[in-house]
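The values are calculated or read from the model by the stated rules, or taken from the named source; none is laboratory data. Predicted model only: the values in this text are computed from it and were never measured. Neighbour counts are summed over all protein chains in view; Cβ atoms, including those assigned to glycine, are modelled from backbone coordinates with ideal geometry. When the accessible area is computed, the model is the full protein with side chains, heavy atoms only, and any ligands, DNA or RNA have been set aside. Shrake-Rupley method; radii C 1.70, N 1.55, O 1.52, S 1.80 Å.
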Amino acid sequence: MSATLHPNAVHVADTLISRGHPGLILTQPESVHTAEQAAAALGVDIGAIVKSLVFELDGEPVLLLVSGAHRVDLGRCGERLGGTLVPASPELVSEVTAQPVGGVAPLGHPTNLPTYVDRDLEAHPLLWAAGGHPNTVFRTTYRELLRITAGMDVKMD
């Protein structure tokens, strides 16, 4: 029996391919809605999970790609990014990514969000990020993640 990818995951795969990535999206049988669930399902260190989190920086949406081992310190991270950082509402996340919370991929959004990548992700040779829909993931590396997202690396913890 073959499984079909959700249209969001197909769009993410197409975006990955257009940016020079193989575009392979995996569907997990268990929920990978959280970094802890993704790490357990994949059998990897939680730090190798890329959390795609939308925030507002001085009122404008931005995407933070954060190690699953970290929580974003709003004050410290906002200072490093040069403004005031607040969590985005679920409605704003859906609007700017066209993907559901818990399945937001680092790319494939209708708008190009300014993207900041957690420098601590570099410690892991392989990273796993959401594929645009809950239960979907794709594999990448830190350098590739920076390239395919046009992200800026930042120390976030």
Only four residue types carry charge here, +1 at the Cβ of Lys and Arg and -1 at the Cβ of Asp and Glu. Report the dipole size of the chain about the Cα centre in Debye, rounded to the nearest 20.
360
Among DSSP beta bridges whose residues both lie in the chain, state the antiparallel percentage, nearest 5.
70
Of the heavy-atom accessible surface of the chain (probe 1.4 angstrom), what whole percent is carbon and sulfur?
55
Where does each of HIS133, HIS33 land when they are ordered by accessible area, with a 1.4 Å probe and the largest first?
HIS33, HIS133
Classify the range 65-157 as rounded, prolate or oblate from the Cα gyration tensor: take a ≥ b ≥ c as the square roots of its eigenvalues, call it rounded if a/c is under 1.5, otherwise prolate when a/b beats b/c and oblate if not.
oblate
How much length would be gained if the chain were fully extended between THR34 and LYS155, taking 0.36 nm per residue of separation minus their Cα-Cα distance, in nm to one decimal?
41.4 nm
Along each principal axis of its Cα atoms, how long is the range 57-105 end to end? Whole angstroms, biggest number first, please.
28, 26, 13
What net charge do the residues around ASN8 carry, taking every other residue with its C-beta under 15 Å from that of ASN8, with Lys and Arg at +1 and Asp and Glu at -1?
-2
Highest average packing first - 78-89, 52-63, Cβ atoms within 10 Å
52-63, 78-89
The chain accessible area per residue, 1.4 Å probe, protein heavy atoms, integer Å², reads 49
Interchain or sequence-distant (5+) residues whose placed amide H lies within less than 5 Å of the amide H of ASN135 are VAL32, HIS33
